[in-house]
Each structure stands twice: as C-alpha cells, then as structure tokens.
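These notes concern the structure reproduced below.
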Amino acid sequence: MRNALRGVIDPELGDNVVDLEMVRSVEVGEDGQVVVEVALTIAGCPLRTQLRDDVTARVGAVPGVAGVKVRMGEMNPDERSALMARARWRAREGAPVTEIPARTRVVAIASGKGGVGKSSVTANLAAALAGLGLTVGVLDADIWGFSIPRMLGLEGRISGERTEAGPKIIPLEKRIGTGLLKVVSMGFLAGEDEAIMWRGLMLNRAVQHFLEDVRWGDMDYLLIDMPPGTGDVQMGLARMLPRTELLVVTTPPLAAQLVATRVVDMARKGFLRVAGVIENMSAFTCEHGTAYPLFGSGGGERLAGEVGVPLIGSVPLDPAVAAGGDAGSPVVLAGDSPVADAFVAIARKLVTEVSPVVEMSGCTARMMERVEAALDAKP
C-alpha cells in the first residue's frame with residue numbers, strides 16, 4: 001500500500017506523502033476495505049480534496065482492494081516543524097529526479113496494441129487542451145514508431161542550451177490560441193524514414209533523457225504518447241515517474257478490449273493510477289446521418305466496467321482524423337464536427353473531473369513562507 005501511496009505527490013513540496021511522513025497509518029481489513037490516515041499541515045488545507053482523491057485512486061488501484069476510506073488529520077507543531085525541515089533539506093540537497101514541475105499532471109496515453117489510434121488521440125487531446133488556454137507538454141515515447149511531429153505539423157531539430165545543471169534540450173513549441181504545446185520526439189533527432197533499432201536499455205535511457213534533460217519549464221499537463229504493449233518503456237516510466245496516470249485507448253471490438261486489459265494490469269502492478277478509458281473509432285456516421293458501427297460497439301464501455309474506471313469519451317470513426325494527422329493539423333482545430341467535439345469534450349472532462357490541474361496557492365506554500373520567516377527572525 002505504501003508503494004502505491006508514493007505516487008501521491010504534494011505538488012507544493014514536490015515529494016510523495018510517504019517520504020514526507022504525511023501518512024500516519026494504513027489499515028487493511030479482511031474484507032478488502034482500506035483506511036488511510038493522512039496528516040495535513042493545517043485542517044483547512046486547500047489541497048485537502050486533491051490529496052484525498054489521489055490517495056483514494058492510488059490505493060483503490062491495488063489488486064484486492066474493495067474500498068478506500070481516507071481520514072484527514074492535522075499535524076501538531078512538532079510534526080509541522082519536522083515536515084518543513086525535511087522540505088528545506090530536500091530543496092537544498094535533493095536535486096529533482098526529473099525536469100517535470102511538481103504541479104504538472106502527467107498523463108500517459110497507452111494501448112494494448114498498435115493500430116487503435118493512440119497517437120491520433122494524443123495529438124488531438126494535446127491540441128484540445130492547448131485550445132483551452134493550457135500549456136501542454138507532449139513527450140513522444142514511442143521511440144520506434146514516432147509520429148507526433150507529423151501529426152502536430154512540427155519540423156526541425158531540437159536545440160540545446162548550457163545551464164548550471166548541465167546541457168538541456170529545448171522542446172519545439174507551437175501556439176494554439178492562447179495555449180502552448182511543447183513537444184519532444186525522436187522524430188526531431190532522426191529522419192522520418194530512418195529505423196530506430198534499439199533494445200530495452202537504450203529505449204529506457206532515451207525516455208530518461210527526455211524526462212531529466214529537457215527544459216520543459218512550467219506546464220499544466222504532460223501527455224506521453226506511449227509505445228503499444230507492456231514492454232520496457234512502460235516499466236521504466238513507472239519507475240522514473242510514479243505519479244504518472246494512464247488513459248487507455250481501445251477500439252470497439254472485444255479482441256481490442258481484452259488486449260487493453262493487459263495495459264491496465266501492467267499499470268496497477270507498477271502502482272500507476274489508471275484514470276480512464278477512451279474508445280476510439282466508434283460508429284461511422286455517413287452524410288445522411290445513419291451510424292454504422294463498422295468495428296462493433298461497446299468495447300470502451302466494457303473495458304471501463306471491467307477494470308473499474310470511467311469511460312472518458314468515445315471518438316467516432318472519421319476520415320478527417322487521418323487526413324488532419326497527415327497534414328499536420330489535428331482535426332480538433334478544424335472547427336465544429338462530431339469528432340472535434342468529442343476530443344474537446346474529453347479534454348474538458350480531463351481538466352474538470354479526471355485529472356484537474358492543482359492550484360499552487362495552498363496550505364504548504366503559505367506554511368513554508370511562515371516557517372522561513374520565523375527562522376529568519378530568530379537571533
């Protein structure tokens with residue numbers, strides 16, 4: 001359970017609630033009911049709801065857990081003092097594991113197999129989020145089969161700069177309305193028709209570089225376009241970035257649903273939260289208004305029900321998605337259409353319900369300022 005709770009990050013202190021000693025107790029009943037007590041710095045902490053939801057999601061994803069109850073307590077003065085001391089020490093001595101800001105919600109777009117439109121979903125979801133005025137990073141972790149640069153209409157080579165922490169890669173950027181995309185992909189380092197013939201260790205190292213050595217800067221979301229399956233990159237990401245949440249992309253057929261179940265199993269074994277399911281390539285609607293379920297129906301809903309997560313949305317089958325990807329202009333930017341509306345609805349649901357951005361004006365930031373001021377006032 002505590003390993004699962006290490007995926008719950010206090011976004012202001014930039015560390016997990018276990019190592020910050022905010023978890024007072026974890027009780028597991030014989031009926032699978034789990035009670036977790038979390039100590040907050042102050043009773044009225046604005047992050048209270050976010051932390052409760054994250055604890056519930058992480059612990060609830062552990063196999064065998066039937067239900068989760070979170071009790072919120074309040075630290076005493078000694079506990080608060082110790083917490084702030086640890087936070088100051090970590091800020092001074094402990095370099096961040098990655099360049100991903102603590103407030104950024106990290107969402108991996110995953111699938112059990114290729115051909116389900118995972119990259120199209122990633123590109124359009126990123127564009128839809130940017131269209132809402134957000135800053136969105138896009139990490140193309142499909143090292144072998146990179147396609148994000150073409151789908152987002154980005155060309156060129158990524159550049160670098162020297163910093164005190166060493167050389168840093170600068171993402172390519174694209175403005176969408178008042179929002180911004182920051183994109184990193186092997187497609188900016190290799191030709192589009194050049195084969196990347198790497199095995200597990202090199203694949204993991206590439207992803208590690210993209211997490212640690214890219215100057216991402218401030219972001220609301222980081223979307224990671226994962227390679228299909230349950231291989232080295234997926235396992236490496238669970239180790240390197242345990243706060244990652246998964247959106248699983250499937251198509252309507254039962255066979256695709258069964259394969260996608262393995263991705264969910266992989267995520268939960270790595271203590272990653274599965275945030276929801278997106279069904280791609282659902283019914284095709286012709287110009288006369290008749291809908292044809294060319295690939296069957298109900299796969300997304302069946303998968304979501306089986307693994308106990310919400311169905312975030314269904315994206316209709318539309319040739320405009322492929323055409324937009326080939327042209328480097330995601331279909332979500334083309335204006336009103338059922339498929340564009342579907343992507344926008346998924347983006348809004350992600351922002352408002354599934355994985356909302358954490359506001360940084362909460363309790364621990366103010367507490368840190370007060371403690372620092374008190375220490376500075378001492379003779």
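The values are calculated or read from the model by the stated rules, or taken from the named source; none is laboratory data. No experiment lies behind these values; they were computed from the predicted model shown. Using ideal geometry, Cβ is built from the backbone for each residue, glycine included, and neighbour counts are taken over all protein chains shown.
Just a few scattered comments:
- Qualifying residue in the stretch 136-148 (condition: of a type in the set (D, E, K, R), more than 30 Å from G300 (Cα to Cα) and within 15 Å of the chain's Cα centre (by Cα)): no
- Flag for M226 being over 30 Å from V65 (Cα atoms), buried (at least 24 other Cβ atoms within 10 Å of the Cβ) and modelled with pLDDT of 75 or more: no
- In the stretch 281-296, of all residues being aromatic (F, W, Y) and surrounded by 13 or more Cβ atoms within 10 Å (Cβ to Cβ), the one that is modelled with the lowest pLDDT corresponds to F295.
- Here the stretch 223-253 is the region considered, the condition is being closer than 14 Å to A304 by Cβ and either touching a residue at least 60 places away in the same chain (Cβ under 8 Å) or assigned to a helix (DSSP H, G or I) (or both), and the residue that is farthest from the chain's Cα centre (by Cα) is T251.
- Of all residues in the stretch 24-37, those that are in contact (Cβ under 8 Å) with a residue 12 or more places away in the chain and either touching a strand residue (DSSP E or B) at 6+ places or on another chain (Cβ under 6 Å) or of a type in the set (F, W, Y) (or both) total 9.
- Residue within the stretch 353-371 that is modelled with pLDDT of 90 or more and outside any loop (DSSP other than H, G, I, E, B) present: yes
- Between L258, L311, L254, L246, the distinction of being crowded, with 20+ Cβ neighbours inside 10 Å and of a type outside the set (V, I, T) belongs to L246 only.
- Residue pairs meeting the criteria (Cβ under 6 Å; at least 6 apart or on separate chains; first modelled with pLDDT under 85 and in a loop (DSSP other than H, G, I, E, B), in the stretch 39-62; second surrounded by 18 or more Cβ atoms within 10 Å (Cβ to Cβ) and aliphatic (A, V, I, L, M)): T41/M75; T41/M367
- Residue satisfying all of: in the stretch 314-352; in a loop (DSSP other than H, G, I, E, B) and in contact (Cβ under 8 Å) with a residue 40 or more places away in the chain; surrounded by the most Cβ atoms within 10 Å (Cβ to Cβ) among these: P330
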